[in-house]
Every structure is written in C-alpha cells, then in structure tokens.
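Below: one structure, written as structure tokens.
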C-alpha cells in the first residue's frame with residue numbers, strides 16, 4: 001500500500017475514487033454548484049490535513065490550482081461540506097468506495113505484474129539435508145571423475 005504526504009495528490013486521488021463510486025449529484029433538488037466527488041475530495045483533504053471545516057475552506061481558497069484540479073469553480077462553504085459529510089459518510093457509500101478502491105488496487109497489481117513479466121528464478125537447488133550432510137549426496141558423478 002502506498003501512502004502520500006502531498007495534499008494535492010491526496011485530493012486528486014480522492015476525486016478519482018469518488019468519481020467511480022459516488023453519483024454526480026447527491027440530490028435531484030441540489031443546486032448543482034458542486035458534484036459529490038468534488039465534495040468528497042474536499043472532505044478527504046480535510047481529514048488528511050486534520051483541519052476543521054473552516055480551516056479546509058481557508059486552505060482551498062489559498063490554493064486555487066488545487067480547486068482547478070478537481071473542477072471546482074468556487075470553494076464550497078463550510079456548511080456545504082458539513083452537509084456533504086452527513087450524506088457521504090454512510091455505511092452504504094463507504095462500502096461502495098472500499099469496493100471500488102479494492103478493484104482498482106487489483107487492476108493496478110495485474111498491470112504491474114504484466115510490466116514485470118514472469119519471475120526469473122535461479123537454477124533449481126536441492127534443499128540442504130537436515131542430518132548435517134552437504135546436500136550433494138544425490139548428485140551423480142561421471143565415470144572417471146573424483147567424487148565430491
């Protein structure tokens with residue numbers, strides 16, 4: 001498992017995960033200023049930075065390029081983030097996120113195996129004898145050569 005200390009990379013990764021697992025809009029009656037994945041990414045950043053809702057809003061206002069990375073045209077209000085937290089952090093949503101992240105990890109694992117190719121193993125070596133022998137007792141010696 002990889003960990004990351006870069007808040008920007010965490011924000012982008014959370015957005016990518018949420019895009020695959022969360023509907024675009026949480027309610028058909030929402031104003032549609034922000035998408036579910038954008039709000040989820042902001043909440044993940046909040047947890048990563050151990051900030052309050054006000055703190056994460058201030059951080060996002062100071063880093064407009066981070067907002068642009070996830071398609072935010074404006075920074076969500078702290079109340080919007082608080083309401084999104086209530087909608088997004090539910091057992092069904094969290095389980096779906098875990099399923100998507102596991103599927104993604106498995107897919108990446110398969111891709112990495114394909115890039116590396118089959119494992120290269122050395123020549124077969126017999127296991128050492130446990131009785132103190134050299135482990136070469138089973139090796140045949142050609143006629144005319146000294147025994148080992």
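Please order 96, 61 by the number of other Cβ within 10 Å, starting at the fewest. Before the final figure, lay out each step's value.
On the way: 96 14, 61 11.
Ranked by crowding around the Cβ, least crowded first: 61, 96.
What number, in nm² with one decimal, is the all-direction average of the projected area of the convex hull of the alpha-carbon atoms of region 7-51? Mind dumping the intermediate values first?
On the way: hull surface 12.7 nm².
If I average the Cα hull's projected area over directions, I get 3.2 nm².
Would you order 110, 46, 83 from fewest to most other beta-carbon atoms within 10 Å of each residue's own beta-carbon? Before the final figure, lay out each step's value.
Values: 110 10, 46 20, 83 15.
The fewest-first ordering by Cβ neighbours comes to 110, 83, 46.
How far, in nm, would the chain grow between residue 85 and residue 65 when pulled straight, counting 0.36 nm per residue and subtracting the alpha carbon separation? Can you show the working numbers first?
On the way: separation 20, 0.36 × 20 = 7.20 nm, distance 2.32 nm.
Going from the current span to full extension adds 4.9 nm.
Using a basic spin-label model with each label point 7 Å from the Cα along Cα→Cβ, how many nm lie between residue 58 and residue 30?
With each label placed 7 Å out from Cα toward Cβ, I get 2.7 nm.
If neighbour count is taken as other Cβ atoms inside 10 Å, put 59, 98, 72 in order from fewest to most. It would help to have the intermediate numbers written out before the result.
Working: 59 17, 98 12, 72 20.
In increasing order of surrounding Cβ atoms, one gets 98, 59, 72.
With labels modelled as points extended 7 Å from the Cα through the Cβ direction, what inter-label distance (nm, one decimal) is found for residue 9 paired with residue 94?
Result for the modelled spin labels: 2.6 nm.
Once label points are set 7 Å from the Cα along Cα→Cβ at both residue 105 and residue 47, what is their separation, rounded to one decimal in nm?
Once both label points are built, they end up 1.4 nm from each other.
Let me make sure I get this right: for region 7-116, a, b and c are the square roots of the gyration tensor eigenvalues over alpha carbons, sorted descending. Under 1.5 in a/c it's rounded, otherwise prolate if a/b > b/c, else oblate. Which is it? The partial results should precede the final answer.
On the way: a/c = 2.04, a/b = 1.49, b/c = 1.37.
Here region 7-116 falls in the prolate category.
Every read-out reported here was derived from the displayed coordinates using simple, explicitly stated rules and does not represent laboratory data. This one's a predicted model, so the numbers in the text were calculated from it and none came from an experiment. Reconstructed Cβ throughout: ideal geometry from the backbone, glycine too, with neighbour counts over all protein chains shown.
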